[in-house]
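Visitor: Have a look at this one before I ask anything.
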Amino acid sequence: MERILRYLNPLARLGNRKYSIVFPLFTTLAGCLLLEFWGNVILHNPSATGIFAIILLLGMIVYFSFRDGMRGGLIASVITIAYYFYIIITRNQGEDQLRSSIQTVLLLGLVYLFVAATVGGLKQKLDRMIEGEADEKRRLQAIIHQLPVGLVITNNKGAVVETNKQLENIVGVKIPIGYEMGKDDSLVKGEHGMPTWPRISPLVQSISTGRAVVRKDFVIMGPNNKKTIIQVSATPVKNKQGKVIAAVSIITDLTQQREMEKRKDDFVNIASHELKTPLTSMKLYIDSLSNRLKDQVDSKSMRTLKGIQYQTERLQDLVSDLLDVSRIQTGKLHFEKEKFSLDKMINETVEELQRSTKGQKIIYSKKTSITVNADKFRISQVMTNLLTNAIKYSPPDTNIVISTKKNGKYVFVSVQDQGLGIDKSEHKKIFERLYQVGDAKEKTYPGLGMGLYISKEIIKRHRGNIWVESEKGKGSKFFFSLPL
Amino acid sequence: MSKNILIVDDDEGILDALSMVLEDAGFMVETTSKGNQTFKKINKFKPNLILLDVLLSGEDGRFICKMLKQDNETREIPVVMISAHPSAKTSIKEYGADSFLAKPFSTEVLLKTINEFTS
């Protein structure tokens, strides 16, 4: 309601500037009453028109000369009053013309009010548009140009309406305003067979599908004809009705980042070779030595040799885990699926672990004849991780129980121990990279916190699930599922 | 009759350890750390099996394997490739390798793999 009133009342819309209209008008009316009160008629139609034309003109001049409407209005009023006094002093006219003069004054006053209000309102609107919107546009353009990423804005037909400086720096050419993405292929063809702009534009895709296209990588011919890897994301801009009205695309230069990633991958490859080669030699030497000495040496020397053997295995596991974590990070953990018997795999793993475990007994009783299609080596790695953890956190002379169950389209495997147990707050965290259970007060256990993270990734990539059911002090039961 | 095994690896430690283990197991062993010496060694030594590292200094073991498998005289000799990368297992098949050992492997696995081709 208030808004409607404001809209209907031009004076209200003028804000402070309304005084520039109100003051001269009231002084004009006051002047007329003053004349009547004195009984001297000094106005008649023709001169009243002249007077008001002058007042109107003066009001306008003053109004437009002052940004502050209040001051402009006061000055206009002072001029009007001064003019009346001049008329009162210099003129004296017939009483019979008083009525028509007052009517003229009122009529002209209304005309004056209307014109001034309209002009004032328009002017103010114009001012706001020119000042405000120009400011807004300048500010927006400054932001767009100083963005640390390349930016392209198109209309809903895919024609470029805005780009920024950073985009030019990344792609090496200025994409002209009006360039039609997806239609004009002059930039796509490029000069040397390499595109300066991606052939499949995510912008066009986002317009046609109405959905955002996130982080697509393209190889283009960048500045100085250098191979450049760019990452493009595009999102459609929709109006309230959900219609696509424009599209915005952000372009980042990934060349350097990809180069660093490649260097890191290369480093991992080299490190894997460099670490695994001496490990292989060590293992072979130890095997050879223990084979030679098995019937000759005393039990203490044999214990030492076994110790070296065990520690070498541990070192080997750590190196493998580190490399696996690195592979997961770089998306290079590959699987080779094959059909195998779950029972057989579990039995083999149990057998191998039980050989080096004296304290706890690993029991696998509930057997089912299930064949799964998965990476046998990796699933057995998950099994080993779960069992090794169970052994690590369980007191001696306790049982670790494995069970398998088929349910619908999945097979569920569980490993239950009678160990320390895990607080509920840590049930999710333990599957995070490099997370370890235990705090400063608690006894810490060896390990780098990689086993469960790797296991989770392996199971996740097999479209299965891995989780734990446990309470502090009441043992843990780890589950994983695999699709059949 | 003992079988001959040629080991091609640029790491002296591996060559020494492998020789020791294989000699213990009753094989005759010959080694070279240079890939380009492979054919020369084969002519002299007539191996029953070749253990070939994928990553040799300055050379690619896989190409040596391919050459061995393209040559009528060496085609029949089983080649077991060794690599620290488990993923190499798939790629070496394209080069004609007969089997693969991922480092670090145990003596047990090594002998099992070799015996598949020599016994």
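The values are calculated or read from the model by the stated rules, or taken from the named source; none is laboratory data. All values derive from a computational prediction rather than experimental measurement. Positions of Cβ are generated from backbone atoms using ideal geometry, with glycine treated the same way; all protein chains shown enter the neighbour counts. For the accessible areas, the whole protein counts, side chains as well, though only heavy atoms, and no ligand, DNA or RNA atoms are used. Shrake-Rupley method; radii C 1.70, N 1.55, O 1.52, S 1.80 Å.
Visitor: Filter the range B:100-119 for residues that are polar (S, T, N, Q), part of a helix (DSSP H, G or I) and more than 28 Å from A:Ala271 (Cβ to Cβ); which is modelled with the lowest pLDDT?
Guide: As a first pass, look at the range B:100-119 and keep what is polar (S, T, N, Q): B:106-107, B:113, B:115, B:118-119.
Checking the rest, the ones that are also part of a helix (DSSP H, G or I) come to B:107, B:113, B:115, B:118.
Adding the requirement that they be more than 28 Å from A:Ala271 (Cβ to Cβ) leaves B:115, B:118.
On the way: B:Asn115: 93, B:Thr118: 87.
Per the criteria, the residue is B:Thr118.
Visitor: Would you pick out the residues in the range A:317-338 that are outside any loop (DSSP other than H, G, I, E, B) and in contact (Cβ under 8 Å) with a residue 24 or more places away in the chain?
Guide: Of the range A:317-338, the ones outside any loop (DSSP other than H, G, I, E, B) are A:317-329, A:338.
Once the filter is applied, which keeps residues that are outside any loop (DSSP other than H, G, I, E, B) and in contact (Cβ under 8 Å) with a residue 24 or more places away in the chain, the range A:317-338 yields A:Leu318, A:Val319, A:Asp321, A:Leu322, A:Leu323, A:Asp324, A:Val325, A:Ser326, A:Arg327, A:Ile328, A:Glu338.
Visitor: Restricting the range A:352-376 to residues that are within 14 Å of another protein chain (Cβ to nearest Cβ) and at pLDDT below 90, which is least open to solvent (accessible area, probe 1.4 Å)?
Guide: Residue satisfying both the conditions and the ranking: A:Ser356.
Visitor: What's the total number of residues in the range B:84-119 that are closer than 18 Å to B:Leu56 by Cβ, aliphatic (A, V, I, L, M) and at the interface with another protein chain (Cβ under 10 Å from one of its Cβ atoms)?
Guide: 3
Visitor: In this structure, is B:Leu15 in contact with a strand residue (DSSP E or B) (Cβ under 7 Å, 6 or more places away or on another chain) and crowded, with 21+ Cβ neighbours inside 10 Å?
Guide: no
Visitor: Follow-up. Just checking, which of A:Gln241, A:Gln256 is within 30 Å of A:Ser326 (Cα to Cα), over 21 Å from the mean Cα position of the chain (by Cα) and open to solvent by 20 Å² or more (accessible area, probe 1.4 Å)? Don't jump to the end; show me each part of the working.
Guide: Values: A:Gln241 fails: within 30 Å of A:Ser326 (Cα to Cα).
Among A:Gln241, A:Gln256, only A:Gln256 is within 30 Å of A:Ser326 (Cα to Cα), over 21 Å from the mean Cα position of the chain (by Cα) and open to solvent by 20 Å² or more (accessible area, probe 1.4 Å).
Visitor: Would you be able to tell me the number of residues in the range A:389-424 that are within 43 Å of the chain's Cα centre (by Cα), open to solvent by 60 Å² or more (accessible area, probe 1.4 Å) and closer than 14 Å to A:Ser476 by Cα?
Guide: Qualifying residue count for the region: 5.
Visitor: On the basis of being away from every other protein chain (no Cβ under 14 Å) and either modelled with pLDDT of 85 or more or out of contact with any helix residue (DSSP H, G or I) (no Cβ under 8 Å at 6 or more places or on another chain) (or both), does A:Gly331 make the cut?
Guide: Answer is no for this residue.
Visitor: Residues of the range A:279-328 being of a type in the set (Lys, Arg) and at the interface with chain B (Cβ under 10 Å from one of its Cβ atoms), which ones?
Guide: A:Lys283, A:Arg292, A:Arg327
Visitor: To continue, here is another question. Out of (1) more than 14 Å from every other protein chain (Cβ to nearest Cβ); (2) at pLDDT 90 or above, the odd one out for B:Met1 is which?
Guide: (2)
Rundown of residues vs (1) in contact (Cβ under 8 Å) with a residue 24 or more places away in the chain; (2) within 14 Å of chain A (Cβ to nearest Cβ), yes/no style:
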position: B:Ile7; (1), (2): yes, yes
position: B:Asp11; (1), (2): yes, yes
position: B:Asp24; (1), (2): no, yes
position: B:Gly35; (1), (2): yes, no
position: B:Leu52; (1), (2): yes, no
position: B:Leu55; (1), (2): yes, yes
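Matching residues to (1) farther than 19 Å from A:Val149 by Cα; (2) among the aliphatic types (A, V, I, L, M); (3) part of a strand (DSSP E or B):
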| site | (1), (2), (3) |
| --- | --- |
| A:Thr228 | no, no, yes |
| A:Val232 | no, yes, yes |
| A:Pro236 | no, no, yes |
| A:Ala247 | no, yes, yes |
| A:Met260 | yes, yes, no |
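Visitor: I'd like to check something: does the range A:254-262 contain any residue that is within 12 Å of chain B (Cβ to nearest Cβ) and not aromatic (Phe, Trp, Tyr)?
Guide: Checked against the condition, which is being within 12 Å of chain B (Cβ to nearest Cβ) and not aromatic (Phe, Trp, Tyr), the range A:254-262 yields no hits at all.
Visitor: Considering each residue of the range A:134-172, count those that are farther than 15 Å from A:Gly222 by Cα, open to solvent by 60 Å² or more (accessible area, probe 1.4 Å) and not in a strand (DSSP E or B), and give that number.
Guide: Count: 12.
Visitor: Let me ask another. Picking from A:Lys339, A:Lys276, which residue would you name as being of a type in the set (Lys, Arg) and within 9 Å of another protein chain (Cβ to nearest Cβ)?
Guide: Of A:Lys339, A:Lys276, the one residue that is of a type in the set (Lys, Arg) and within 9 Å of another protein chain (Cβ to nearest Cβ) is A:Lys276.
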